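Report on the following structure.
The values are calculated or read from the model by the stated rules, or taken from the named source; none is laboratory data. This one's a predicted model, so the numbers in the text were calculated from it and none came from an experiment. Positions of Cβ are backbone-derived with ideal geometry, glycine not excepted, and every protein chain shown enters the neighbour counts. In case anyone asks, the SASA skips ligands and DNA or RNA and just uses the protein heavy atoms, side chains included. Shrake-Rupley method; radii C 1.70, N 1.55, O 1.52, S 1.80 Å.
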Amino acid sequence: MKANRKRLAFSGGICISGLFAYLAFRGLHPEQMLRSLGSIQLGYVLAGMLGYGLAIVVIALRWQFLLRAVKLVPLRALCELVTIGYMGNNVYPLRAGDGLRIVLLRRDHQVPLARVTTVVVLERAFDGCVMIAFVLIGLLFIDLQSSEVEGILRLAAPAFVAAMLVALFLAAKPDLLRALVGWLSKRLPSRLSHLLLRLSEDVIAGLKGLRNPLHFLGAVLSSFTTWSIEAGTYWLVMMAFSMRLDNAYAVSLLICGAVNLAGIIPASPGQIGVNEFITVAILTALGVPAALAGTYAIVAHIAIWLPSVLGGLYFLLRKGLGWADIGRAGELEGVG
């Protein structure tokens with residue numbers, strides 16, 4: 001049954017990605033895109049890929065800030081796990097990479113599962129809020145009328161902002177959560193009651209990093225820094241195509257924010273198709289020729305996708321695991 005659900009989710013994601021890829025590239029002629037590709041300056045693309053590697057280090061630092069209240073894990077180990085997680089998300093459905101890094105942190109560093117899961121969910125809330133900020137900052141500097149961007153903001157902004165506000169509230173008022181869980185546990189069978197009480201304490205512990213001003217500030221700054229570096233990758237690929245756009249970095253912030261917010265759409269691993277559709281929609285609305293916008297979207301996606309996949313696979317193999325292990329993270333605690 002579980003395998004059938006995974007296959008169904010994967011098939012559904014492929015169909016969604018196929019639809020968005022069709023919408024992104026319909027009417028484009030391959031020869032036009034190849035001409036655009038012929039003028040690319042690969043040095044800029046390679047610089048963008050190296051920059052994305054730096055972004056992974058900074059995101060691992062953010063994870064360390066949020067985990068400090070639970071356990072101080074070496075930054076090098078977190079860099080490896082973040083890279084593995086990003087690789088898993090890019091090659092396997094249902095964000096399996098997040099589950100994989102959670103389980104590997106539990107296995108290798110004995111961090112309680114519920115606590116690290118809480119921190120990873122909290123990271124997603126941080127990411128969503130930063131992406132919303134990037135979209136709004138981008139729109140301040142460029143004149144863009146895009147129904148796609150407006151739709152993404154309407155869909156994603158309430159969810160991410162609400163998640164962050166709830167996390168901050170529960171971190172500031174842990175006794176309120178304890179009281180609510182205590183009231184509920186009295187109405188449950190003994191076994192479920194003990195489980196709920198233990199899980200609630202792990203969630204409170206996972207949110208503890210928000211109560212430390214220095215750790216919270218470090219998480220905020222590292223969140224904006226890492227995504228600013230990723231936006232720089234989009235900007236460098238623009239330079240590779242010699243795009244002449246006013247406020248080009250603001251456009252890069254907008255693209256970075258919009259394509260990552262679109263990650264809530266349940267498409268295929270790596271958001272193939274969705275990423276290209278959003279990028280092409282933004283660039284063509286700014287007057288970039290459709291063939292150039294489509295070629296840029298593909299190259300920029302590869303520049304973001306390839307470093308994490310190659311690096312993640314390398315670190316996964318170093319841990320004695322293989323490709324198939326990505327999809328069965330729950331079985332890995334006893335491995336190694």
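State the number of residues belonging to segment 1-19 that are surrounded by 14 or more Cβ atoms within 10 Å (Cβ to Cβ) and modelled with pLDDT of 80 or more.
Qualifying residue count, segment 1-19: 2.
Here is a list of conditions, (1) touching a Gly at 6+ places or on another chain (Cβ under 9 Å); (2) under 28 Å from residue 260 (Cβ atoms), and residue 169 meets all of them except one; can you say which number that is?
Unmet for residue 169, out of (1) touching a Gly at 6+ places or on another chain (Cβ under 9 Å); (2) under 28 Å from residue 260 (Cβ atoms): (1).
From the list 185, 223, 193, which one is at pLDDT 90 or above, touching a helix residue (DSSP H, G or I) at 6+ places or on another chain (Cβ under 8 Å) and not hydrophobic (A, V, I, L, M, F, W, C)?
After ruling out the rest, the residue left standing is 223.
Please return the ranges of helices (runs of 4 or more DSSP H) entirely within segment 8-115 where 1 or more residues are among the polar types (S, T, N, Q).
In segment 8-115, the matching helices (runs of 4 or more DSSP H) lie at 30-38, 42-67, 75-91.
Under 6 Å between Cβ atoms, at least 6 apart or on separate chains: pull out the pairs that start in segment 1-29 with a residue that is more than 19 Å from residue 289 (Cβ to Cβ) and small (Gly, Ala, Ser) and end on any residue that is surrounded by 12 or more Cβ atoms within 10 Å (Cβ to Cβ) and modelled with pLDDT under 70.
Going by the 6 Å Cβ cut-off, the qualifying pairs are 9/93; 9/94; 13/93; 13/266; 13/267; 13/268; 17/267; 17/268.
Given the conditions (1) open to solvent by 40 Å² or more (accessible area, probe 1.4 Å); (2) touching a Lys or Arg at 6+ places or on another chain (Cβ under 8 Å); (3) not acidic (Asp, Glu), which single one is not true for residue 223?
Failing condition for residue 223: (1).
Going by what's in this entry, would residue 149 be described as modelled with pLDDT of 95 or more, open to solvent by less than 20 Å² (accessible area, probe 1.4 Å) and either assigned to a helix (DSSP H, G or I) or within 27 Å of residue 308 (Cα to Cα) (or both)?
no
Can you report the number of residues in segment 295-309 which are touching an Asp or Glu at 6+ places or on another chain (Cβ under 8 Å) and open to solvent by 10 Å² or more (accessible area, probe 1.4 Å)?
The total comes to 3.
Filter segment 267-294 for residues that are open to solvent by 20 Å² or more (accessible area, probe 1.4 Å) and of a type outside the set (A, V, I, L, M, F, W, C); which is modelled with the lowest pLDDT?
Looking at the filtered set, the residue picked out is 271.
Return the total of residues in segment 227-243 being under 9 Å from residue 55 (Cβ atoms) and crowded, with 22+ Cβ neighbours inside 10 Å.
3
Select from segment 118-146 the residues that are open to solvent by 50 Å² or more (accessible area, probe 1.4 Å) and either hydroxyl-bearing (Ser, Thr, Tyr) or not in a helix (DSSP H, G or I) (or both) and list them in ascending order.
Within segment 118-146, 143, 145 qualify.
Restricting to segment 140-181, name every residue that is among the aliphatic types (A, V, I, L, M) and under 17 Å from the mean Cα position of the chain (by Cα).
Correct list: 152, 153, 155, 156, 157, 159, 161, 163, 164.
Got a number for residues in segment 60-106 being of a type in the set (A, V, I, L, M) and open to solvent by 10 Å² or more (accessible area, probe 1.4 Å)?
Adding up the residues that qualify gives 11.
Being over 21 Å from residue 205 (Cα atoms), in contact (Cβ under 8 Å) with a residue 12 or more places away in the chain and small (Gly, Ala, Ser), is that true of even one residue in segment 90-112?
So far as segment 90-112 goes, yes, one or more of its residues are over 21 Å from residue 205 (Cα atoms), in contact (Cβ under 8 Å) with a residue 12 or more places away in the chain and small (Gly, Ala, Ser).
Does residue 264 satisfy the criteria of being at pLDDT 90 or above, out of contact with any His (no Cβ under 6 Å at 6 or more places or on another chain) and either open to solvent by 40 Å² or more (accessible area, probe 1.4 Å) or more than 22 Å from residue 112 (Cα to Cα) (or both)?
no
Over 19 Å from residue 231 (Cα atoms), surrounded by fewer than 17 Cβ atoms within 10 Å (Cβ to Cβ) and in contact with a Ser or Thr (Cβ under 8 Å, 6 or more places away or on another chain), is that true of residue 193?
Taking the combined requirement at face value, the residue satisfies it.
So which of 246, 202 ends up being acidic (Asp, Glu), touching a residue at least 24 places away in the same chain (Cβ under 8 Å) and open to solvent by less than 80 Å² (accessible area, probe 1.4 Å)?
202
Answer yes or no: is there a residue in segment 183-199 that is closer than 20 Å to residue 64 by Cα and in contact (Cβ under 8 Å) with a residue 40 or more places away in the chain.
Within segment 183-199 (the criterion being closer than 20 Å to residue 64 by Cα and in contact (Cβ under 8 Å) with a residue 40 or more places away in the chain), the answer is no, since none of the residues qualifies.
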